[in-house]
Structures are given as C-alpha cells and as structure tokens.
C-alpha cells in the first residue's frame with residue numbers, strides 16, 4: 001500500500017456500505033461515472049476490490065446504490081420546510097438549482113442513467129420524480145389533483161430538470177431568472193390543466 005493510501009480499518013457491514021456509498025457520492029459529484037473505476041472506490045475506502053464486491057455484487061449494484069442515495073439526498077436538500085406556499089416553492093426550486101449546479105455529474109447519473117435501459121435506475125428516477133410531483137402538488141394545495149394536473153406537473157418537472165441542466169451551458173442565465181422562469185411556467189401549466 002502506498003504512503004498516501006488510506007489505512008485499513010474494520011467496520012461493521014452497514015457502516016462499510018455507508019462509507020462506500022458516501023465515497024461514490026463524493027466521487028460522482030466531481031466526475032462522470034465512467035471516470036470512477038471500482039478500483040478507485042476500493043482504494044479510497046482502504047479495502048480490496050474483492051471486499052467491495054462482497055457488499056455490492058456488481059458494479060451496477062454499486063451504481064444503483066449510489067444513485068438511490070443521490071436521489072434521497074436531492075429530495076432532502078430540496079425540502080423547503082415550513083413557510084407560505086409561494087415561498088416554499090421558490091425555496092425548493094432554488095435548492096434544486098443549487099444542488100444540480102454543484103453536483104452536475106452526480107445529477108446527470110441520476111437523470112440520464114434512468115434514460116438508459118436499466119429498469120432499476122428507471123424506478124429510482126420515477127420514484128424521485130413522483131416525490132417531487134407530490135411535493136409540488138402539496139405546496140400548491142392540490143394533493144388530491146386529478147390525472148391531468150398530475151401529468152402536467154410531472155411534465156413541468158421535466159422542464160425544470162432540462163432548464164437547470166441547460167442554463168450553465170447557455171451562459172447569461174442567472175439563478176434568479178431561471179427560478180422565475182420555472183415558477184412562471186408552473187403557473188401556466190396550472191392554468192392550462194384547469
């Protein structure tokens with residue numbers, strides 16, 4: 001082991017799984033998943049590649065666990081807490097834009113990974129989008145919304161995702177203008193869906 005390699009230490013199985021997922025989150029926040037080999041995760045954890053595969057039988061299992069943790073983190077950090085509805089919506093959108101901006105590669109692994117053929121990643125993505133849709137409907141005071149409004153809100157969430165990912169590429173769109181746009185589009189969606 002090199003002088004800079006982490007010291008091995010014994011952890012109980014749950015603590016080791018958490019450690020590996022946290023390392024995956026940290027590394028995927030800075031690098032696309034293709035640039036984060038399993039060997040690097042194992043090395044940073046101070047364990048062998050074989051031991052990593054004891055906790056996650058395949059690289060895909062590890063990736064799904066990290067994406068699931070990323071989705072949970074995103075839901076948590078975008079929770080606006082108690083406030084008037086219009087303030088809750090804005091707080092949630094601002095936190096979302098901040099998180100995606102700061103963790104672009106990790107977020108892309110969640111969203112774009114779900115667009116692939118992996119059914120488990122698609123379920124993680126669908127469950128996360130469903131939670132965001134329920135939150136938006138709750139903030140809007142419409143938790144019992146019918147299917148048309150539910151579909152419209154899910155479509156609006158797709159717009160929020162795409163505009164948040166696209167704004168840094170186009171340049172000149174600041175956070176406040178982006179969130180304003182997202183709020184105005186939701187108002188239009190509500191009007192159109194009745």
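Over the chain, what is the mean sequence separation of C-alpha contacts under 8 Å (at least six apart), divided by residue count, expressed as relative contact order in percent?
Here the relative contact order equals 20 percent.
Given the Cα atoms of the chain, and with Rh set as the inverse mean 1/r over their pairs in the Kirkwood sense, what is Rg to Rh to two decimals? Each step should come with its number before you reach the end.
Details: Rg = 19.1 Å, Rh = 18.3 Å.
Computed over Cα atoms, the ratio is 1.04.
What FRET efficiency do you get for residue 87 and residue 17 if R0 is 45 Å and r is their Cβ-Cβ distance, rounded to the nearest 0.05?
Working: r = 37 Å, r/R0 = 0.83.
E between residue 87 and residue 17, to the nearest 0.05, is 0.75.
Could you line up 100, 108 from fewest to most neighbouring Cβ atoms inside 10 Å?
Values: 100 22, 108 15.
Going from sparsest to densest Cβ surroundings: 108, 100.
Cut-off is 10 Å between beta-carbons; in what order do 28, 157 appear when sorted fewest neighbours first? Kindly include the intermediate steps, with their values, before the conclusion.
On the way: 28 25, 157 20.
Result, fewest neighbours first: 157, 28.
Taking a ≥ b ≥ c as the square roots of the Cα gyration tensor eigenvalues, with a/c under 1.5 meaning rounded and otherwise prolate when a/b beats b/c, else oblate, which class fits the stretch 92-165? Intermediate results must be reported in sequence, preceding the final value.
Values: a/c = 2.30, a/b = 1.35, b/c = 1.71.
In terms of gyration-tensor shape, oblate.
Taking 7 Å along the Cα-to-C-beta vector as the label spot, tell me the residue 53-residue 158 distance in nanometres, rounded to one decimal.
Between residue 53 and residue 158, the simple spin-label model gives 3.9 nm.
Just from its helices, what would the mean residue ellipticity at 222 nm be for the chain, if runs of 4 or more DSSP H residues each count -39500 (n - 2.57) and the sum is divided by every residue, rounded to the nearest 500 deg cm²/dmol? Write down the numbers at each step before the final one.
Working: 9 runs with 146 residues, N = 194.
Theoretical 222 nm ellipticity from helices: -25000 deg cm²/dmol.
Could you tell me how far the Cα centroid of the stretch 126-194 sits from the Cα centroid of the stretch 73-97, in Å?
After rounding, the separation between the Cα centres reads 12 Å.
Please compute the Kirkwood hydrodynamic radius of the stretch 13-57 from all pairs of different C-alpha atoms, in Å with one decimal.
Values: mean 1/r = 0.0954 Å⁻¹.
For the stretch 13-57, the Kirkwood estimate is 10.5 Å.
Please work out the FRET efficiency for the pair residue 123 and residue 176, using the Cβ-Cβ distance as r and a Förster radius of 25 Å; give the result to the nearest 0.05.
Between residue 123 and residue 176 the formula returns 0.15.
No value in this document is a laboratory result; all are computed from the given coordinates. Bear in mind the structure is a predicted one, so any value in this text is a computation, not a measurement. Note that we place each Cβ from the backbone using ideal geometry, even for glycine, and neighbour counts take in every protein chain shown.
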